[in-house]
1. Given H placed on each backbone N at 1.01 Å, which residues far from R154 in sequence or on other chains put an amide H within less than 5 Å of it?
2. Need one word for region 84-130: rounded, prolate or oblate. Basis is the Cα gyration tensor (sqrt eigenvalues a ≥ b ≥ c); a/c below 1.5 gives rounded, then a/b vs b/c decides.
3. At what distance in angstrom do the alpha carbon centres of region 47-68 and region 169-211 lie from each other?
4. Taking the square root of 5 times each eigenvalue of the Cα gyration tensor, what semi-axes in Å does the equivalent ellipsoid of region 195-239 have, largest first?
5. Can you flag which of K23/K184; K23/K54; K23/K61; K22/K54 are past 23 Å Cα-Cα?
6. Applying a 10 Å radius around every beta-carbon, put 92-99, 166-173, 186-193 in order of their mean neighbour count, most first.
7. For region 27-44, take each phi angle, set θ = phi - 60°, evaluate the Karplus expression 6.51 cos²θ - 1.76 cosθ + 1.60, and give the result in whole Hz per residue in order, putting x for glycine and proline.
8. Give the Rg (one decimal place) followed by the Dmax (whole number) of region 75-197, computed from C-alpha coordinates and expressed in Å.
Amino acid sequence: MLRAERSSYHYRGRRADQADLKKRMKEVAETRVRYGYRRIHVLLRREGWDVNAKRVYRLYKEMGLQLRHKPPKRRVKAKLREGRCAASCSNEVWAMDFVHDQLATGPKLRILTVVDTFSRFSPAVVPRFSFRAPDVVEVLERVCSEVGYPASIRVDQGSELISRELHLWAYTRNVTLDFSRPGKPTDNAFIESFNGRFRAECLNQHWFMSLGDAVRKCEAWRRDYNEVRPHSAIGNKTPISLVNRSAAHGPPLPADAG
């Protein structure tokens, strides 16, 4: 007979590992963002999970699912900033914003800038006197036809970027618009860094005599940035060397393709 102190006895719980249950709850919460724990419990019971509402509630709070931010109404292909991960291939995440400048004669310019956060490749630097939402869509459709569609685009809360036209384009192209929090430019740090280099190396170095002159000089800088300029963040390589066109988030399937 083995003698042992009573204090060394420990109760061993018989509850099954709940990792699968937690995983399924998270999947439901991510796809049905307006469901609370009660509706999630109903769905789990329908799927055959032998779990009561109290356990679902406890895990729901433990996993922080009650803190989910709901995308604004009608933005079906939008999400608010949450748990961002670094991009692992080109065309996974783009960032987009506007830069302001002017011609030598005084008229104001708005310049749309776009950069791939993985490769640092810039598919577009486009100056115009003004930008409306359809203009942004036109630029995106043009460059996406050349380099492929991104899985998501990080944008701020500018009027052109929260427009119905851009959201409809994103929905039909299966592109997620990832919005920064108002007043938090660090939420879109990649485009802020890109715009800083663009201003220092291009805008501050040239006079623009006309819109056509601005287009030519901005495009020349973009090509140099993509094909010649070494980037320390990617091992002093050029962005064009990291562009994997086979990783493109390809164009949408035809309606009859299922």
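A short reminder: the numbers here are calculations on the coordinates, not readings from a lab. From a predicted model like this one, the values you see are computed outputs, not experimental measurements. FYI the Cβ positions are ideal-geometry reconstructions off the backbone, even for glycines, and counts take in every protein chain you see.
1. Residues meeting the criterion, in which the H sits 1.01 Å from N, are W94, A95, M96, D178.
2. Because a/c hits 1.5 or more and a/b exceeds b/c, region 84-130 counts as prolate.
3. Centre-to-centre distance over Cα atoms comes out at 40 Å.
4. Working through the eigenvalues yields semi-axes of 23, 11, 6 Å.
5. Violating the 23 Å Cα-Cα cut-off are K23/K184.
6. 92-99, 166-173, 186-193
7. For region 27-44, the Karplus curve yields 4, 5, 5, 6, 8, 10, 5, 9, 8, x, 5, 5, 5, 4, 4, 4, 5, 4 Hz.
8. Radius of gyration, then largest Cα-Cα span, for region 75-197: 13.8, 45 Å.
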